[in-house]
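Before we start, here is the structure in question, set down as structure tokens.
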Amino acid sequence: MRSNHVRRRLAAGEPSIGTWLSLPSPEAAEYVSKVGFDWLVCDAEHNPMDIRTLAQMFAAMANSDTAPMVRIPWNTPENFKRVLDAGAWGVVVPMVNSREEAERAVAACRYHPQGDRSVGGGRHALSWSADASEYYRNANDEVLLVLQIEHITGVEHADEILSVPGVDACFIGPNDLAASMGLGLGVPLESEQPRLVEAIHHIRDTCKKHGVAPGVHCSHAEGVNQRINEGFQFCAMASELRYTLTGLGNDLRKLNWQRSPAAHTDATEGGTTVRY
């Protein structure tokens, strides 16, 4: 059975870098998996990714050295069961605000005796190049569990959340965290607002206290370098959609060409004006 290099690297105190996949596309997942990231997180929380598409995205990454992961829509057992049985190597859990919620995530992610994940399926073993019995024996030691602290309530309960056994990493969502603190929507991921910086560093320090790898979402390579220097390990570099739109937009603006302001033409059919 293949070893989860992301979990090993984080446990050793090393940084591990990936990006978010926003497009429900196995083809996009396959291409990005060849770039050289440690992991890719399919974002099923904020994007229209159904379970079949996720299974196809995991399969598309199987011939790479990139770990397929997923951010589930919410912290409920059926979400864990479906994505792990479809072949995910790790789960990112949004908006964890209490110890009870952290314990619920661990229970749903791990087989007995560490948890109560249901036994069944077969695609999970294919994703790890193993047979089912080998997968069952090793899954608890290989699947990565990442809890998101992205609300001020989670910050206030960080010590309780991060002390739960079975949590591998914590991932900070600066946008939601800033919003919950009344600092506004769409705040830059590397914002220097003192209250936000203090909250982020408090989560990092609490992670270190409990042997949990701290992580955070970053805007770009410079942001990742900044966060690594600050002691963060599990760092996401924007998303494939962000880089696609930014690259295309930047080159488009370099052209000596101006798009027509009209995105349609008018025609008259039988006395009625129709817009195309």
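The values are calculated or read from the model by the stated rules, or taken from the named source; none is laboratory data. As the structure is a computational prediction, the values presented were derived from the model and not from experiment. In this analysis, Cβ positions are derived from the backbone assuming ideal geometry, glycine residues included, and neighbour counts consider all displayed protein chains.
Just give me the residues in the range 178-194 being in a helix (DSSP H, G or I) and surrounded by fewer than 13 Cβ atoms within 10 Å (Cβ to Cβ), in sequence order. Spell out the reasoning first.
Just the residues of the range 178-194 that are in a helix (DSSP H, G or I), to begin with: 178-180, 194.
Answer for the range 178-194, where residues must be in a helix (DSSP H, G or I) and surrounded by fewer than 13 Cβ atoms within 10 Å (Cβ to Cβ): just Pro194.
Right, something else. Go over the candidates Asp65, Asp50, Asp43 one by one and state the one that is surrounded by fewer than 20 Cβ atoms within 10 Å (Cβ to Cβ) and over 20 Å from Gly120 (Cα atoms).
On the way: Asp50 fails: over 20 Å from Gly120 (Cα atoms); Asp43 fails: surrounded by fewer than 20 Cβ atoms within 10 Å (Cβ to Cβ).
Going through Asp65, Asp50, Asp43 in turn, the sole match is Asp65.
Another one. Please go through the range 62-87 and pick out each residue that is of a type in the set (Ser, Thr, Tyr) and either touching a helix residue (DSSP H, G or I) at 6+ places or on another chain (Cβ under 7 Å) or in contact (Cβ under 8 Å) with a residue 40 or more places away in the chain (or both).
Start the filter on the range 62-87 by keeping residues that are of a type in the set (Ser, Thr, Tyr), which leaves 64, 66, 76.
Answer for the range 62-87, where residues must be of a type in the set (Ser, Thr, Tyr) and either touching a helix residue (DSSP H, G or I) at 6+ places or on another chain (Cβ under 7 Å) or in contact (Cβ under 8 Å) with a residue 40 or more places away in the chain (or both): Ser64, Thr66.
I need the full set of residues from the range 232-262 which are outside any strand (DSSP E or B) and either closer than 13 Å to Ile17 by Cα or among the aromatic types (Phe, Trp, Tyr) (or both), in order please. Even if it seems obvious, please write down each step before you answer.
We begin by selecting, within the range 232-262, every residue outside any strand (DSSP E or B); these are 232-233, 240-262.
Within the range 232-262, Phe232, Gln233, Tyr243, Trp257 meet the criteria.
For the range 141-156, name all the residues that are buried (at least 17 other Cβ atoms within 10 Å of the Cβ) and assigned to a helix (DSSP H, G or I). Even if it seems obvious, please write down each step before you answer.
Taking the range 141-156 first, the residues buried (at least 17 other Cβ atoms within 10 Å of the Cβ) are 142-152, 154-155.
Within the range 141-156, Glu142, Ile152, Gly154, Val155 qualify.
Here is a follow-up. Determine which single condition Asp159 fails, assuming it passes every other condition in (1) of a type outside the set (Ser, Thr, Tyr); (2) touching a helix residue (DSSP H, G or I) at 6+ places or on another chain (Cβ under 6 Å); (3) assigned to a loop (DSSP other than H, G, I, E, B); (4) loosely packed, with under 15 Cβ neighbours inside 10 Å.
(3)
Taking the range 115-143, which residues are polar (S, T, N, Q), closer than 17 Å to Thr66 by Cα and in contact with a Lys or Arg (Cβ under 7 Å, 6 or more places away or on another chain)?
Narrowing the range 115-143 to residues polar (S, T, N, Q): 118, 127, 129, 133, 138, 140.
Those still in the list that are closer than 17 Å to Thr66 by Cα too: 127, 129.
Ser129 - this is the single residue of the range 115-143 that is polar (S, T, N, Q), closer than 17 Å to Thr66 by Cα and in contact with a Lys or Arg (Cβ under 7 Å, 6 or more places away or on another chain).
Any residue that is under 22 Å from the mean Cα position of the chain (by Cα), in a loop (DSSP other than H, G, I, E, B), closer than 19 Å to Ala11 by Cα and at pLDDT 95 or above - is there at least one of those in the range 110-119?
Yes.
Of all residues in the range 1-36, count the ones that are free of Cβ contacts under 8 Å to residues at least 40 places away in the same chain and under 16 Å from His220 (Cα atoms).
Selection size over the range 1-36: 2.
Quick one: in the range 211-231, of everything that is assigned to a helix (DSSP H, G or I) and in contact (Cβ under 8 Å) with a residue 40 or more places away in the chain, which residue is surrounded by the most Cβ atoms within 10 Å (Cβ to Cβ)?
Going through the range 211-231, the residues assigned to a helix (DSSP H, G or I) turn out to be 221-229.
Going one step further and asking which of them are in contact (Cβ under 8 Å) with a residue 40 or more places away in the chain, we end up with 224, 228.
On the way: Val224: 22, Ile228: 15.
Filtering first and then ranking leaves Val224.
Let me ask you something else. So which of Glu45, Glu14, Glu27 ends up being at pLDDT 95 or above and farther than 20 Å from Leu144 by Cβ? Spell out the reasoning first.
Working: Glu45 fails: farther than 20 Å from Leu144 by Cβ; Glu14 fails: farther than 20 Å from Leu144 by Cβ.
Being at pLDDT 95 or above and farther than 20 Å from Leu144 by Cβ holds for just one of Glu45, Glu14, Glu27, which is Glu27.
Select from the range 90-109 the residues that are more than 20 Å from Val6 (Cα to Cα), part of a helix (DSSP H, G or I) and not small (Gly, Ala, Ser) and list them in ascending order.
Arg99, Glu100, Glu101, Glu103, Arg104, listed by residue number.
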